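I have placed the structure first, in the form of C-alpha cells, so that the comments after it can refer back to it.
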Amino acid sequence: MARLIRTEKEVEGRFTEQWIVVEEDALDQWPAGPRTVVGQPTRRVDGVERATGAAVYTADVQLPGMLHAAVLRSPHARARLVRLDLDAVRAAPGVRAVIGPDDLDVLTSEPCYEGHGVAAVAADSFEAARAALELAAPEWEVLEPLLDPEEAVRRESLLAEPRRHDRGDFDRGLAAADVVVQAEYRTQTLLHNPLETHQSVCHWEGDTLVLYTSTQNIWGVRDEVADAFGLPHDGVRVICRFMGGGFGAKNDAGDYTLVAAELARRTGRPVRCALTRREENVVSGNRNATIQRLTAAARSDGTLTALGGEFVSALGWDGWLGPTAGPMQMLYACANVRTVEYGAKLNLPPMAAFRAPGFVEGTFGLECLLDELAARLELDPLELRRRNHADSDGTDDRPYTSKNLMECYRRAETHWERRHEVRARSEGPWKRGVGMASQIWYGGGGPPSYAWIRVGSDGRAVVVTAMQDIGTGTRTAMAQIAAEELGVPLEHVRVEIGDSARGPYSVISGGSSTTPSMGPAVRSAAADVKRQILEIAAQRFHLEERVLDLKGGNVVSADGGSWSLEEVTGLLEDAQILGKGARGPNPTGMRVMTFGAQVAEVAVDVETGEVRVERVAAIHDVGRIVNPLGASSQVEGGIIQAIGHALSEERLDDPATGLVLTQTLDAYKVPTIADVPEIVTELVDVPDEHLTNLGSKGLGEPPIIPTAAAIANAIRDATGADVRSLPITREELLHALEAAREQERRGAAAPA
Amino acid sequence: MLELTINGGVHTLDLPVDRPLAYVLREDLGLTGTKIACGEGHCGACTVLLDGIPTLSCITLAHTVGEREVTTIEGLREHPLVDAFVRTDALQCGFCTPGQIVSASALVAANPSPTRDEVRHAMAGNLCRCGAYPKIEEAILTWRD
C-alpha cells in the first residue's frame, strides 16, 4: 500500500523536509558478504558498447535537418550592452533563427560574469552559426567587476544568509585547552572538465519537446524546461542513454538547453547546442574557491575541546553555499564548535556541485589543521583521530545508521606503519613521507525512486527505470541486484534506462545517491516479479507457494523438485509478468553517512619543489558493495581527481578583469596516466542494517574527499613544511619550505 | 573530390579544404565512435590511426590525409584490447575510451609486451577525466590474456 510520509530528503548535504509517497519495503536484507551475483566483481554490462564507440552519447545524436546553435557570450565580467546588430546576424548565410536578450530569460544585455549568454543563433552548421555571431559587433560599456570574496563579504554581496553553527561554548572550550592551533587554508577554483561537454539536442514533436541532453538529472531537467516553456511536465521528454561524465556539473538544464529548445521552436527543426571546450571551462560550473580561518584546541591527551572556523566561499554570480564547515561539525567528537560560512556573490562564473561539494574543501583545511595539532601535541596523527572518534552526529546527537570508521583506521594501520620505511628511503633532495586523513560524507540516498521489471515467456527480465548512468556503472549494478533477487544469470537481465517517457522516476546521479536510492527499488521490483512467478508455479505444479523458490534459473521446491524458469514463464505466451518497486524511507531519527580514511605516500624534491604521489591506500565504509570491480574504479577515479586538485589543477582568473585564463585542456592541467600512483583500495563491505532492503551507501564521492589533505600531511611529514594552499605548485611548496626554515631559525634563536 | 580509405573501405567525398578529419568521420560518414572532446588537439579523444600511427583527427585536415589508410575504433571492434578494457573495467563514462583503445592498439602493434613505463609514455596524451588510468594500464599490460 502506498503511504504518504513526511521525510527529510538530503542531496549533497542540503536537507529539505518533504512529503513523499513510499511503498512498503518488507524485504529482509541479504546476509553480509558476496552473493551469487551481488558482491561479485562484474564487468560492465554496457562495457563493449562504450569501448567500441557504438554507444550513442548526446554528442553523437544526429537528427534529419538538424541545425547548430552558437551562443554570443559576454567577453567581460561585468558590462552593459550599448549596441548589438542582430539584423546583421539574421542576414548572414545559413542562419535560420536569432534570439537576443529580450527573447529568453537566460540571455541578458547586462552580463554579470564572463560568458553570460547574450544572444544565440541557429544555422545550417556550427561554423556558419559562429561566423554569423561575428557580425553582431556588440559595443559594451564595461563596468567594474567585484572579484575579491573578502571584499564581497565586507560589502555583504552574498548569495545566502551567513550560515552559523554554534554548539556548546567555544570560548570555554578554548580556555580549557592545553594547545591551540590556528591557521588559514585556501582552496582554488576547480573545473569539472567532463570529456563530453554540456550539450543538448532539442526538437518539437507537436506540443512535445524531445530533448536529448548530457545530464545527471533527467527528471530535474524535465521539470525545469517544462516550467520555462509553460508545458505540463511530460510535455518534455528527456533522453540520456549514455553521457560522458558530469561530476556534479550536469545537474541542471543549463542555458544551452533552453537556447536549443527556443531555437527549435522558432525554426521547427531539431537544434543542437553544444558548449565548446573553452565555453565549458568558463560557464559550465566550477568548484568554488574557499578561504578557511580555522582553530582547533585540545587537551594534552588530544581530546578536542573546541573547533572553530570562518569559511568564505567564492561562489561567483550564482550557485549555492556548499557545506564547507560540515567536516568540522561532524567528523570528530567535540562539544564546542563554532562555524560561520559566507557565500560571496562575485562577477565570476557561477559555481556548480563538484563531487562532494563543500566537504572536499572543508576536509582539506580541517585534516591539515588536525595534523598541525598532532605535531604540537607530539601525538601520532592516527591516534589523535581515534581519540576523537564521534559515536553520534555532533550536530544533533542522532545515532548513525552504521559507522565503521574505527575499522577503517584499523585497516589503515598496515599502511600507516610503512611511514618509517618510507621516510628512510629519502635520498639527497628527495624527501619522503606519509600522511593520512579521514572522511565523512552523506551518501545514504532516499525515496522517491522507482523501477519496473517485466518478464516475458522466455524468462528474461527487463528492468525499466528512467535513470541515467554517468559512468559509475549503474546499469551493471541494477542488473546484478535484479539477477540476484530473481535467481537468474546476469545475462538474462537487461536494463533499459535514460528516457523519461519510458520508465518511472529515478533519483539524480549525484550526492552518491544512485545505488542506495535505486538499488532497493530494483530489488523491490524483482521481489514483486518473483512472487508472481512463484504464484504461477504453485498453481501449475499444485504446490504451496511457501515451499517454492527461484534459484539458479530454476523454480525449486522444498521437496527437491526443480523446473526451469522458462517452463513456468513459457506458460505466459504473450502475457507478461509486471513487477514494480519503490525505494522505502530512511529510518527516522538517524543519520546516514559514509566514512573512510586514506594514507598517502609522497616524494618531495626540496630543491625544485616537485611533488610525486607514490602510493595512496584508501579504506572506505559505504555499506554493502554491489560490484567490487566497479567500486574499486570509483575509488581510483576519485583519488586521481583529488591528486589533480592537490597538485596541478587551478582555474586562473585575471585579477583585474575577472576573465578566465585557463580555458583549454592544455592550460588547465588534469592528471594524465603518468601522474597516477599505486592505489590500494579496501572496502569494509558491511551492510548498513538500517538502510532499507540493500544496506548499500554511495561511493561516488567519498574517495575524493580526504586525498588532498593526506598528500599535504605527507609533505609535512617528509619536509616539515605546512602547505596551506591548493594547488601545491612548486612555487607554493618552495614558499612553504622557506617558511618552515624561517620558523626553525626563529625557534633556534629564541631563548630556551 | 577526395578519396579516403577508412577501415578498409574507400569513400569519395566532396569536402571544403578546412574540414578536419574528425568531423568528416562523425558527421559526414556517421562514424561516431571517434569522439571530439576539445577540438584542439589537447585530449586524445579523437585519436585515429593513419597508416598505423596514432593521429589527432580533430586537428588533421581531411585533405592532408592523402593515401594513408584511416583506422577508427569502428575498424578495431574485434581487437583483443576491447575485451581487455571491459574485463579490467578500464572505462567509466567511456567517452575517452575509443581514443584510448586506438592509441593502445598502435602501442601493442609496435611493442606487444610493453612495460608499465612504456604504457604510460604512449598513453599520456589520452586524457581520462573519470580516472580509469590504473585499469587502462592493466588492460594494456594484460591485453593478450
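The values are calculated or read from the model by the stated rules, or taken from the named source; none is laboratory data. Values in this document were obtained by computation on a predicted structure and should not be read as measured data. Using ideal geometry, Cβ is built from the backbone for each residue, glycine included, and neighbour counts are taken over all protein chains shown. Note: areas computed on protein heavy atoms with side chains; ligands, DNA, RNA excluded. Shrake-Rupley method; radii C 1.70, N 1.55, O 1.52, S 1.80 Å.
Which is surrounded by 24 or more Cβ atoms within 10 Å (Cβ to Cβ), touching a Pro at 6+ places or on another chain (Cβ under 7 Å) and either within 29 Å of A:Thr401 (Cα to Cα) or in the same structural domain as A:Glu413 (by TED's automatic domain parsing) (or both), of A:Tyr505, A:Tyr450? Answer to the check: A:Tyr450.
How many residues does the stretch A:624-642 hold that are among the β-branched types (Val, Ile, Thr) and facing another protein chain (nearest Cβ under 9 Å)?
Applying the first criterion (among the β-branched types (Val, Ile, Thr)) to the stretch A:624-642 yields A:625-626, A:635, A:639-640.
From the residues that got through so far, the ones that are facing another protein chain (nearest Cβ under 9 Å) too are A:639-640.
Looking only at that region, the number is 2.
Looking across the stretch B:45-58, just one residue is within 12 Å of chain A (Cβ to nearest Cβ) and either out of contact with any strand residue (DSSP E or B) (no Cβ under 7 Å at 6 or more places or on another chain) or open to solvent by 60 Å² or more (accessible area, probe 1.4 Å) (or both), and that is B:Ala45. Where strands (runs of 3 or more DSSP E) fall wholly inside the stretch A:108-213, the ranges with 1 or more residues that are closer than 30 Å to A:Val238 by Cα are A:117-123, A:199-205, A:208-213.
Checking the conditions here, which among A:Val71, A:Val82, A:Val118 is β-branched (Val, Ile, Thr), in contact (Cβ under 8 Å) with a residue 40 or more places away in the chain and surrounded by fewer than 19 Cβ atoms within 10 Å (Cβ to Cβ)? Break it down into steps so the answer makes sense when it comes.
Numbers: A:Val71 fails: surrounded by fewer than 19 Cβ atoms within 10 Å (Cβ to Cβ); A:Val118 fails: surrounded by fewer than 19 Cβ atoms within 10 Å (Cβ to Cβ).
One residue alone meets the criteria, A:Val82.
Name the single residue, out of those in the stretch A:145-176 being closer than 30 Å to A:Cys334 by Cα and among the hydrophobic types (A, V, I, L, M, F, W, C), that is most open to solvent (accessible area, probe 1.4 Å). Checking each candidate, the answer is A:Ala175.
For (1) in contact with a helix residue (DSSP H, G or I) (Cβ under 6 Å, 6 or more places away or on another chain); (2) open to solvent by less than 10 Å² (accessible area, probe 1.4 Å); (3) within 14 Å of chain B (Cβ to nearest Cβ), each residue gets a yes or a no:
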site	(1), (2), (3)
A:Ser200	yes, yes, no
A:Glu205	no, no, no
A:Leu211	no, yes, no
A:Gly220	no, no, no
A:Asp227	no, no, no
A:Lys250	no, yes, yes
A:Asp255	no, no, no
A:Arg278	no, no, yes
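Scanning the stretch B:113-140 for residues that are in contact with a Pro (Cβ under 8 Å, 6 or more places away or on another chain) and at the interface with chain A (Cβ under 7 Å from one of its Cβ atoms) returns B:Arg129, B:Gly131, B:Tyr133. Residue check: is B:Arg144 out of contact with any strand residue (DSSP E or B) (no Cβ under 9 Å at 6 or more places or on another chain), touching a residue at least 24 places away in the same chain (Cβ under 8 Å) and either facing chain A (nearest Cβ under 8 Å) or part of a helix (DSSP H, G or I) (or both)? Considered against the rule, which asks whether it is out of contact with any strand residue (DSSP E or B) (no Cβ under 9 Å at 6 or more places or on another chain), touching a residue at least 24 places away in the same chain (Cβ under 8 Å) and either facing chain A (nearest Cβ under 8 Å) or part of a helix (DSSP H, G or I) (or both), B:Arg144 comes out as no.
Quick grid of which residues meet (1) crowded, with 24+ Cβ neighbours inside 10 Å; (2) assigned to a loop (DSSP other than H, G, I, E, B):
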site: A:Leu694; (1), (2): yes, yes
site: A:Gly700; (1), (2): yes, yes
site: A:Pro703; (1), (2): yes, no
site: A:Ala710; (1), (2): yes, no
site: A:Ala714; (1), (2): yes, no
site: A:Asp717; (1), (2): yes, no
site: A:Ala721; (1), (2): yes, yes
site: A:Glu738; (1), (2): no, no
site: A:Arg741; (1), (2): no, no
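For the stretch B:9-33, give me the residue count where each residue is hydroxyl-bearing (Ser, Thr, Tyr) and buried (at least 17 other Cβ atoms within 10 Å of the Cβ). Before you say what the answer is, go through the steps one by one.
Filtering the stretch B:9-33 down to residues hydroxyl-bearing (Ser, Thr, Tyr) leaves B:12, B:23, B:32.
Checking the rest, the ones that are also buried (at least 17 other Cβ atoms within 10 Å of the Cβ) come to B:23, B:32.
Number of matching residues: 2.
For every residue, the table says whether it meets (1) crowded, with 24+ Cβ neighbours inside 10 Å; (2) over 15 Å from A:Gly326 (Cα atoms).
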| residue | (1), (2) |
| --- | --- |
| A:Tyr342 | yes, no |
| A:Pro350 | no, yes |
| A:Ala356 | yes, no |
| A:Phe359 | yes, no |
| A:Gly362 | yes, no |
| A:Arg376 | no, yes |
| A:Leu382 | no, yes |
| A:Arg385 | yes, yes |
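If you filter the stretch A:453-475 down to residues that are away from chain B (no Cβ under 14 Å) and not in a loop (DSSP other than H, G, I, E, B), you find that the one that is surrounded by the fewest Cβ atoms within 10 Å (Cβ to Cβ) is A:Val462.
Which of the residues spanning the stretch A:31-53 are among the hydrophobic types (A, V, I, L, M, F, W, C) and more than 7 Å from chain B (Cβ to nearest Cβ)?
Step one: list which residues in the stretch A:31-53 are among the hydrophobic types (A, V, I, L, M, F, W, C), which gives A:32, A:37-38, A:45, A:48, A:51.
Matches in the stretch A:31-53: A:Ala32, A:Val37, A:Val38, A:Val45.
Residues considered: A:Pro31, A:Pro64, A:Pro41. Of these, the only one that is surrounded by fewer than 16 Cβ atoms within 10 Å (Cβ to Cβ) and either at pLDDT below 95 or farther than 25 Å from A:Ile481 by Cβ (or both) is A:Pro64.
Has the stretch A:493-503 got any residue that is farther than 29 Å from A:Gly446 by Cβ and in contact (Cβ under 8 Å) with a residue 60 or more places away in the chain? No, because not a single residue in the stretch A:493-503 is farther than 29 Å from A:Gly446 by Cβ and in contact (Cβ under 8 Å) with a residue 60 or more places away in the chain. May I ask you to verify whether B:Leu76 is in contact (Cβ under 8 Å) with a residue 24 or more places away in the chain, at the interface with chain A (Cβ under 10 Å from one of its Cβ atoms) and open to solvent by less than 10 Å² (accessible area, probe 1.4 Å)? No: the conditions fail for B:Leu76. Take the conditions (1) open to solvent by 10 Å² or more (accessible area, probe 1.4 Å); (2) touching a residue at least 40 places away in the same chain (Cβ under 8 Å); (3) more than 21 Å from B:Gly94 (Cα to Cα); (4) within 14 Å of chain B (Cβ to nearest Cβ); A:Ala667 misses just one of them, which is (2).
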